[in-house]
Amino acid sequence: MAGAQTRKKKRAARRRPDRHELYEQAVQCPEADIKFFERIYRNHNAGKLPGSLREDFCGTAALAAEWVRKRPTNKALGIDLDGPTLDWGRRRNVEPLGPAAERLTLLQKNVLAVTRPKCDVIAAMNFSYFIFKKREELRDYFRIARRSLAPGGVFILDIFGGSDSQAEEEEEKELDGFNYYWDQDRFDPVTHETLFYIHFLLDDGRWMRKAFTYDWRLWTIPEVREILAEAGFTHTEVYWEGTERSTGEGNGVFLKTSHQSSCPGWIAYIAATMGKS
Ligand SMILES: C[S@@+](CC[C@H](N)C(=O)[O-])C[C@H]1O[C@@H](n2cnc3c(N)ncnc32)[C@H](O)[C@@H]1O
């Protein structure tokens with residue numbers, strides 16, 4: 001009996017963690033994103049809090065789940081094309097919410113096919129809109145997002161860049177129980193098309209190579225702002241991350257900016273509204 005239990009324990013320890021579990025730990029911080037969304041929405045709406053969030057390209061819906069968990073009146077809509085990823089998110093992020101889960105809807109659909117219900121905040125995080133490689137496709141998506149905003153609504157995107165983002169190199173991050181690798185396998189300077197991967201190395205030496213693949217176009221801030229304007233947004237703002245003095249790394253604090261000095265690697269948010277320009 002004791003032997004069977006030990007074997008069971010060993011098997012559990014050797015259980016291959018799910019790639020989504022590792023991704024969420026390595027890449028996402030829904031609490032920080034939501035704090036930022038609320039700050040930006042309040043700035044544009046005389047201090048009023050947003051109530052509804054649409055998470056485009058939601059994947060496991062970690063952000064949408066945190067949104068409804070955070071405030072009892074919050075509602076969220078998550079949209080993603082991939083059924084198995086949504087199912088994983090339902091089990092791991094939505095069901096544990098209990099009754100609050102009723103305020104979260106997940107749709108297995110193309111983001112281009114949904115405009116209702118209108119939401120206060122629409123977010124496309126972790127550069128997911130880079131999937132659209134043609135200007136017209138990106139403009140169509142931005143137009144759909146604009147039509148899906150409630151009055152006073154804010155559309156929020158993140159973006160990364162700098163000379164490092166165009167280098168064919170790999171970045172490693174040590175985390176609890178595993179290492180995360182961001183592998184910029186290919187970057188085409190003519191088209192800005194990229195092929196990037198995420199790999200994981202578990203502490204027991206097992207690899208999870210190409211856990212995620214990103215066949216993207218690396219858009220720039222001015223391009224995205226121009227296309228947002230073409231899609232009918234009247235006002236866009238860029239929020240730039242501050243630097244931690246001791247490490248030279250980003251400090252997680254994003255402030256509105258019009259100009260910045262060159263920097264090898266950066267992440268920023270872009271907020272688009274129908275407010276005054
Ligand atoms: C980079 S993941 C983003 C996951 C999560 N939102 C995050 O912030 O980390 C991109 C997701 O977009 C989904 N996707 C790609 N094209 C889509 C489309 N046209 N409509 C809806 N979902 C799409 C994929 O299935 C995938 O789950």
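When you restrict to C-alpha pairs under 8 Å that are six or more residues apart and normalise by the size of the chain, the relative contact order lands at 15 percent.
With both residues required to sit in the chain, DSSP beta bridges show an antiparallel share near 70%. Measuring nothing but how far apart in sequence close Cα pairs (under 8 Å, 6+ apart) lie, relative to its length, region 188-277 scores a relative contact order of 24 percent.
How large is the dipole of the chain about the Cα centre if only Lys and Arg carry +1 and Asp and Glu carry -1, each at its Cβ, rounded to the nearest 20 debye?
Magnitude of the dipole: close to 1440 debye.
Extension gain for Cys29 to Arg186 (0.36 nm times residue separation, less C-alpha to C-alpha distance): 53.8 nm. If the segment from Ala46 to Arg71 were pulled out straight at 0.36 nm per residue, it would be longer than the present Cα-Cα gap by 7.1 nm.
Here Thr213 and Gln108 are evaluated by their C-beta separation; at R0 = 22 Å the FRET efficiency comes out at 0.65.
With a ≥ b ≥ c taken as the square roots of the eigenvalues of the C-alpha gyration tensor of the chain, please select rounded if a/c is under 1.5 and otherwise prolate if a/b is larger than b/c or oblate if it is not? Walk me through the numbers before you get to the answer.
Working: a/c = 1.76, a/b = 1.28, b/c = 1.38.
Oblate.
Charges were assigned to the Cβ only: +1 to each Lys and Arg, -1 to each Asp and Glu. The resulting dipole of region 24-181 about its Cα centre is roughly 1360 debye. Within the shell defined by Cβ-Cβ distances under 9 Å, the residues around Ile267 carry a net charge of -2, with Lys and Arg each +1 and Asp and Glu each -1. A cut-off under 13 angstrom between Cβ atoms defines the neighbours of Pro151, and their net charge, with Lys, Arg +1 and Asp, Glu -1, is +3.
With no solvent and one point on each alpha carbon, what is the Debye value of log10 I(q)/I(0) for region 156-277 at q = 0.11 Å⁻¹? Evaluating at q = 0.11 Å⁻¹ gives log10 I(q)/I(0) of -0.48. Relative contact order of region 165-214: 28 percent, from C-alpha pairs under 8 Å at least 6 residues apart in sequence. If each Cα of region 101-200 is one equal point scatterer, what is log10 of I(q)/I(0) from the Debye formula at q = 0.16 Å⁻¹? Evaluating at q = 0.16 Å⁻¹ gives log10 I(q)/I(0) of -0.89. Here Lys173 and Leu97 are evaluated by their C-beta separation; at R0 = 30 Å the FRET efficiency comes out at 0.55.
Structure remark: mean-square fluctuation, Gaussian network model of the chain, C-alpha springs under 10 Å; the largest value among Phe132, Phe57, Phe155 belongs to Phe132. I need the shape label for region 207-269. Rule: rounded when a/c is under 1.5, else prolate if a/b > b/c, else oblate, with a, b, c from the alpha carbon gyration tensor. It comes out oblate by the Cα gyration axes. Summarising the label geometry, the points placed 7 Å from Cα in the beta-carbon direction at Arg19 and Thr257 lie 3.3 nm from one another.
Quick one: grab the alpha carbon gyration tensor of region 151-201, order the square roots of its eigenvalues as a ≥ b ≥ c, and give me rounded if a/c is under 1.5, else prolate or oblate depending on whether a/b is larger than b/c. Taking the square roots of the gyration eigenvalues as a ≥ b ≥ c, region 151-201 is oblate. Think of each Lys and Arg Cβ as +1 and each Asp and Glu Cβ as -1; about the Cα centre, that makes the dipole of region 145-277 roughly 840 debye. Taking 0.36 nm per residue of separation and subtracting the Cα-Cα distance, full extension of the segment from Leu202 to Ser246 would add 12.9 nm. Other residues lying with their Cβ under 10 Å from the Cβ of Asn126 contribute a combined charge of -2, Lys and Arg counting +1, Asp and Glu -1.
Dividing the convex hull volume of the alpha carbon atoms of region 234-277 by its residue count gives 76 Å³ per residue. Farthest towards the positive end of the charge dipole of the chain, among the residues Leu49, Val27, Thr273, is the Cα of Leu49, using unit charges on the Cβ of Lys, Arg, Asp and Glu.
Where a number appears in this text, it was derived from the coordinates with a stated rule and is not lab data. Small disclaimer: the values here were computed from a predicted structure and weren't measured. Note: ideal-geometry Cβ built from the backbone for every residue, glycine included; neighbour counts use all protein chains shown.
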